[in-house]
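Asks: Pasting a structure below so you can have a look.
The values are calculated or read from the model by the stated rules, or taken from the named source; none is laboratory data. Since the structure is predicted, the reported quantities are computational estimates derived from the model, not experimental observations. As a convention, Cβ positions derive from the backbone with ideal geometry for all residues, glycine included, and neighbour counts pool all protein chains shown. Each accessible area value is taken on the protein alone, full model and side chains, heavy atoms only, with ligands, DNA and RNA left out. Shrake-Rupley method; radii C 1.70, N 1.55, O 1.52, S 1.80 Å.
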Amino acid sequence: KAGVTQTPRYLIKTRGQQVTLSCSPISGHRSVSWYQQTPGQGLQFLFEYFSETQRNKGNFPGRFSGRQFSNSRSEMNVSTLELGDSALYLCASSSTSTVNTEAFFGQGTRLTVV
Amino acid sequence: DAKTTQPPSMDCAEGRAANLPCNHSTISGNEYVYWYRQIHSQGPQYIIHGLKNNETNEMASLIITEDRKSSTLILPHATLRDTAVYYCTSHNAGNMLTFGGGTRLMVKP
């Protein structure tokens, strides 16, 4: 069974640009969550989608958005990039929405904003 | 979501048991305790989870205190490949994980 796939693995963007990151969950998983990891703030929850609906959102500005498609694949978008958006962006998928379900993480997309 | 507290770092000799503590005093009755680990620059890897009973799988054992305010992850025979940052967290119904700083475990030969 293929794991969670994130593309691209590495990305360099300029301040003010926008970026779209992609996540393909494990086959059959309907829940996709996104996290930002920085040395200063650690792992922080961005948002979670289940069956194309955003159910939870972390404390991030509106420049961060996401969506989920009918095949459960998800994208996140960051507009008007700032230097502080440089981070490892991680996607996780889960099979259900219950509290008794582990999350499987992808390898992440490392975004550098210059 | 429960806030978790872990020691920032620990050392363990190769072949010995590594016992990693976690305080989660604000955990609610229906929240499971989860442990993940992250090896340098990779995505976190699920290890084990439990509600109130002790759990064991092929990777580790999880001991949860009776009052559920703390837990201990046990790696019975640590190897160099177990060097990683270990996160204790809880998991709400919305699949939102709240990570603290984690414990950086260094397994030494």
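Asks: Provide a single number: the residues in the stretch A:11-44 that are among the charged types (D, E, K, R) and modelled with pLDDT under 95.
Replies: 1
Asks: On the given criteria, is B:Gly15 assigned to a loop (DSSP other than H, G, I, E, B) and on the phi > 0 side of the Ramachandran plot?
Replies: Against the criterion (assigned to a loop (DSSP other than H, G, I, E, B) and on the phi > 0 side of the Ramachandran plot), B:Gly15 qualifies.
Asks: Restricted to the stretch B:57-108, and to residues that are closer than 17 Å to B:Ser28 by Cα, more than 13 Å from chain A (Cβ to nearest Cβ) and among the small types (Gly, Ala, Ser), which residue is most open to solvent (accessible area, probe 1.4 Å)?
Replies: Taking the candidates together, the pick is B:Ser70.
Asks: Considering each of B:Glu31, B:Glu14 in turn, give the residue that is touching a Lys or Arg at 6+ places or on another chain (Cβ under 7 Å) and of a type in the set (D, E, K, R).
Replies: B:Glu14
Asks: May I pose another question? Restricting to the stretch A:73-96, count the residues that are within 13 Å of another protein chain (Cβ to nearest Cβ) and either at positive phi or open to solvent by less than 40 Å² (accessible area, probe 1.4 Å) (or both).
Replies: 9
Asks: From B:Ala17, B:Ala84, grab the single residue that is more than 26 Å from A:Gly3 (Cα to Cα) and of a type in the set (A, V, I, L, M).
Replies: The match here is B:Ala17.
Asks: Now for a separate question. Tally the residues that are out of contact with any Ser or Thr (no Cβ under 7 Å at 6 or more places or on another chain) and more than 24 Å from A:Gly3 (Cα to Cα), restricting the search to the stretch A:82-114.
Replies: 4
Asks: If you don't mind, another one. From the set of residues in the stretch A:27-40 that are farther than 17 Å from A:Thr112 by Cβ and within 12 Å of chain B (Cβ to nearest Cβ), which is surrounded by the fewest Cβ atoms within 10 Å (Cβ to Cβ)?
Replies: Here the answer is A:Arg30.
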